[in-house]
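Below you'll find the structure, written out as structure tokens, and then a few comments.
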Amino acid sequence: MREVHHFIGGKAVAGTSGRFGDIYNPNTGEVQGRVALATVAELGAAVDAAKAALPAWAATNPQRRARVMFEFKRLVEANMNDLAHLLSSEHGKVIADSKGDIQRGLDVVEFACGVPHLLKGEYTEGAGPGIDVYSMRQALGVCAGITPFNFPAMIPCWMAAVSIACGNTFILKPSEKDPSVPMRLAELMLEAGAPAGVLNVVNGDKVSVDAILTHPDIKAVSFVGSSDIAQYVYSTGTAHGKRVQAMGGAKNHGIILPDADMEQAVKDIVGAAYGSAGERCMALPVAVPVGKKTADEFVERMTAEARKLKIGISTDKDAHYGPVVSAVHKAKIESYIQMGVDEGAKLVLDGRGHTLQGHEKGFFIGPSLFDHVKPGMKSYHEEIFGPVLQVVRAETLEEAAGYASDHQYGNGCAIFTSNGRAAREFAAQVNVGMVGINVPIPVPVAYHTFGGWKRSAFGDTNQHGPEGIKFWTKIKTVTQRWPDGDVGDQAFVIPTMG
């Protein structure tokens, strides 16, 4: 059986804990390998390797670090097909989705290639008599990222590429459900020219997470996962003196106004709700049509569109989406579908019991669609993270916007309309971090920044873009003068720059 261990100090390192987690093939339901679950000592060894590599890497000029990023990008592109198949074999998403996962990570790597410009500080000449003031951004030191199963290429790149480009060394703790792509990315980073120890991968579970959050030599931690764990990561990491950004769950709403292009809205939402089996933090699992006529038309069209979706194995080029990641997650999604039924929502499409001939043990779920969902329902309040679309009807735009604003999560939302004024006011007032206007999945491009509000994010700095540079560096401000004579008593006066 294939085993995945760790990548520490530029080489693969066998685990010593004797503890392993199963790696499944979601298409067949079979165990295809196992991953080592690290000890505290193994995490410590990764920190030691990162510390050893830090001084030289932080002292490497930004242009040379950027050249490593350019080469890393080239190598990932050259290995795109192999990486996508490897990703799909462990996650279950179709190959096209896996390539999109990798490409969105590469977009951030491409952004990180501009680090010589991004790290430039500020300079004021003549801030006072003979006094100049300038600032510089410097590396934090050893940093870490804890990433989820649903984007095993993109999110590690969001974190590690920017952090390493800024001069830090990095420890990645990926999901134990699909660890092979993060391991391969570390190998490619080494091949690209990053010195051994700059990027380390430690596979594991809560033992590894807690070791990261409490290790005194790790200066910053980035996390993406569920909100409960995000809150734990944030509170524990900051209590141990670390800078922490922790991105949590989501329940993104898509509001459909009566003047929307309904055909386009349905096409957009069917992909946003069911694509990648709904296992996206920026999926669109709640549709809020405004007015009975709009709602009736939307449900009718969406039902017809969802029925056309083909669920298949990851390598099926005609499949719209593949299996979910695990049997446990499949059972959780199905429990939420039953919960919605028990709460009184109308189940228009039931995806439970979906099987594929020859893959009867695979973790497949068909598209499910609920109508007449109410805000008080638990199935609406919580994140399902599966191919389930809930329709919450509203009478006015204000009511619809209130659903998005009042929800416990505030990652993103979208509005579908041809009314520019309504869209502009909605975007300005809705209480979420990212907004799409006739865009169903408003994930910002890499040179902007990604982050939600409320229980979707803990911490005050977002992922990638300018906020990423800010998170992975510390600013130092220097006030200088070069006296050319006796300053006398003035040395004891607080300078006012007057």
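Structure notes:
- Across region 1-150, Cα pairs under 8 Å and at least six residues apart give a relative contact order of 19 percent.
- Charge tally in the Cβ shell below 13 Å around LYS99, where Lys, Arg are +1 and Asp, Glu are -1, LYS99 excluded: -2
- Once the convex hull of all Cα atoms in region 303-425 is built, its volume per residue stands at 143 Å³.
- Backbone N atoms of region 160-180 closer than 18 Å to the 7 Å Cα→Cβ label point of MET1 belong to residues 176-180.
- As a ratio to 2.2 N^0.38 Å, the alpha-carbon radius of gyration computed for region 409-487 takes the value 1.73.
- Using 0.36 nm per residue and subtracting the Cα-Cα separation, the extra length available between LYS374 and THR477 on full extension is 31.8 nm.
- Taking only the alpha carbons of region 290-345, we obtain Rg and Dmax values of 15.1, 41 Å in that order.
- Distance violations [Cα-Cα > 18 Å] among LYS219/LYS476; LYS242/LYS470; LYS51/LYS242; LYS93/LYS206; LYS99/LYS267: LYS93/LYS206; LYS99/LYS267
- In the list (i) 24.6, 90; (ii) 22.1, 69; (iii) 23.0, 77, the label attached to Rg and Dmax of the Cα atoms in Å as derived from the coordinates here is (i).
- Gap separating the Cα centres of region 269-319 and region 99-162, nearest whole Å: 35
- Looking at region 175-255, none of the chymotrypsin sites (Phe, Trp or Tyr not before Pro) sits in a DSSP loop with at most 14 other Cβ atoms within 10 Å of its own Cβ.
- Selection of GluC sites (Glu not before Pro), region 313-371, meeting DSSP coil and at most 13 other Cβ within 10 Å: GLU360
- With the simple spin-label model, which puts each label point 7 Å out from Cα in the Cβ direction, the ALA427 to SER226 separation comes to 3.5 nm.
- Length added when fully stretched, VAL341-ARG67, from 0.36 nm per residue minus Cα-Cα: 93.1 nm
- Reduced Cα scattering model of region 223-363, Debye log10 I(q)/I(0), q = 0.12 Å⁻¹: -0.64
- Ligands, DNA and RNA left out, the 1.4 Å accessible surface of the chain is 53% carbon and sulfur atoms.
- Efficiency of FRET from Cβ geometry, VAL445 and ASP261, R₀ 30 Å, rounded to 0.05: 0.80
- For region 134-249, the calculated P(r), taken from all Cα-Cα distances in 10 Å bins from zero up to the bin holding the longest distance, is 14, 49, 31, 5, 0 percent.
- A DSSP coil position with no more than 14 other Cβ atoms inside 10 Å describes none of the GluC sites (Glu not before Pro) in region 2-44.
- Charged-residue dipole, Cβ positions (Lys, Arg, Asp, Glu), the chain about Cα centre, Debye nearest 20: 540
- 1.4 Å probe accessible area per residue over the chain, in Å²: 41
- For VAL341, net neighbour charge (Lys/Arg +1, Asp/Glu -1) across residues whose Cβ lies under 13 Å away: -2
- Mean residue ellipticity (222 nm) of the chain, computed from DSSP H runs ≥ 4 via -39,500 (n - 2.57), nearest 500: -12000 deg cm²/dmol
- Cα gyration tensor shape of region 203-247, rounded if a/c is under 1.5, else prolate or oblate by comparing a/b with b/c: oblate
- Computed extension length for ASP210-GLU360: 50.2 nm, one decimal, from 0.36 nm per residue of separation with the Cα-Cα distance subtracted.
- Net charge in the neighbourhood of ARG34 (other residues with Cβ under 11 Å of its Cβ; Lys, Arg +1, Asp, Glu -1) is -1.
The values are calculated or read from the model by the stated rules, or taken from the named source; none is laboratory data. All of these numbers come straight from a predicted model, not from anything done at the bench. Every residue, glycine as well, gets a Cβ built from its backbone with ideal geometry; the counts of neighbours run over all protein chains shown. SASA here: full protein model, heavy atoms, side chains in, ligands and nucleic acids out. Shrake-Rupley method; radii C 1.70, N 1.55, O 1.52, S 1.80 Å.
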